[in-house]
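The structure appears below as structure tokens.
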Amino acid sequence: MRNWYIVGLLLVMLLTGAVGVAAEKTKDGFSIVSSEQLKELLDKKPAGLVVIDARTPQEYQEAHILGAVSIPLPVLEKDNSVLKFSKDARRVFYCNGVKCGKSGKSALIARSMGYANIAIYADGMPVWEEKGYPLYTGPEYDKTVKTSMLKPAVVKALLDSAPTTVTVVDVRDTKEFAEGHVPGAINIPVETFASGSGVLDKGKQIIVYCNSGGRSYNAYRKLQKLAYPNIAQMIFEDWKNDG
């Protein structure tokens, strides 16, 4: 009877949320909040919540999470007094995704100053934007960017001669990818490209492609915002036409 009582009590605790799941943490021990958790926090507007954008002022002016304040990492490193918030305030730092270290470095500075209630929004701005969550957008937000367009013959030569230096990404949907793709390419659909970009090595050249250029252009822009240094675009129709 005692065993059944304990099992029942545990079930009740699980159903009521009394048994919590440990939050994911960064290597430095900061709690990681998901996109959904951060949106819920911002929707509720709890007292003391401060969301801090650690990116450059230019990136902040182009677009940022609605309600976030700009404290670029270099500014904080030079003068930590810019963190003029109550010690009890909950701070959430973010930058340009899982491979951007600015939010983590900013959080370490805040911790060294005695702030304890700190979290990291690791997915960062590109994923927030990809999910269609509330943004402030400036006049430069919709500007057209010029992509580095590669001919299929150049991409094939790279894959043949130096395959370990390049990653080719098919940004079409999974059905299109299954029907035929560039040999060696990986599939990250453009709708979830920022979310899935963590598998991409910033030390390699990243080449994105789709059928006619629209979706790969969007993926190219996301790679720019994720600060990938060596990126290019290709058209799959050209690849097929070139045999």
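Below are the figures for this structure:
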{"quantity": "Overall form of the chain per C-alpha gyration tensor (a/c, 1.5; a/b vs b/c)", "calculated": "oblate"}
{"quantity": "Partnerless Cys - the chain, beta-carbon criterion under 4.7 Å", "calculated": "C210"}
{"quantity": "Length added when fully stretched, E36-A227, from 0.36 nm per residue minus Cα-Cα", "calculated": "66.4 nm"}
{"quantity": "Spin-label model distance (nm) - S212 vs E24, 7 Å beyond Cα toward Cβ", "calculated": "3.6 nm"}
{"quantity": "Under the Karplus curve 6.51 cos²θ - 1.76 cosθ + 1.60, θ = phi - 60°, whole-Hz ³J(HN,Hα) for the stretch 205-212, x wherever Gly or Pro sits", "calculated": "7, 9, 10, 9, 8, 8, 5, 10"}
{"quantity": "Cα centroid separation - the stretch 210-243 against the stretch 32-74, whole Å", "calculated": "29 Å"}
{"quantity": "The chain, helix-only ellipticity at 222 nm - DSSP H runs n ≥ 4, -39,500 (n - 2.57), divided by all residues, nearest 500", "calculated": "-10500 deg cm²/dmol"}
{"quantity": "Listed peptides 158-165, 125-132, 183-190 by packing density, highest first (mean Cβ within 10 Å)", "calculated": "125-132, 183-190, 158-165"}
{"quantity": "Net charge dipole size for the chain [Lys, Arg +1 and Asp, Glu -1 on Cβ; Debye, nearest 20]", "calculated": "740 debye"}
{"quantity": "Cβ-based net charge around Y115, under 15 Å, with every Lys or Arg adding one and every Asp or Glu removing one", "calculated": "+4"}
{"quantity": "Relative exposure of T192, T167, judged by other C-beta atoms within 10 Å (fewest first)", "calculated": "T192, T167"}
{"quantity": "Kirkwood-based Rg to Rh ratio, the stretch 22-137, C-alpha trace", "calculated": "0.92"}
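Any read-out appearing in this document is the output of simple, stated calculations on the displayed coordinates, not a laboratory observation. Keep in mind the model is a prediction, meaning the values are calculated, not measured. Cβ: placed from backbone, ideal geometry, glycine included. Neighbour counts: every protein chain shown.
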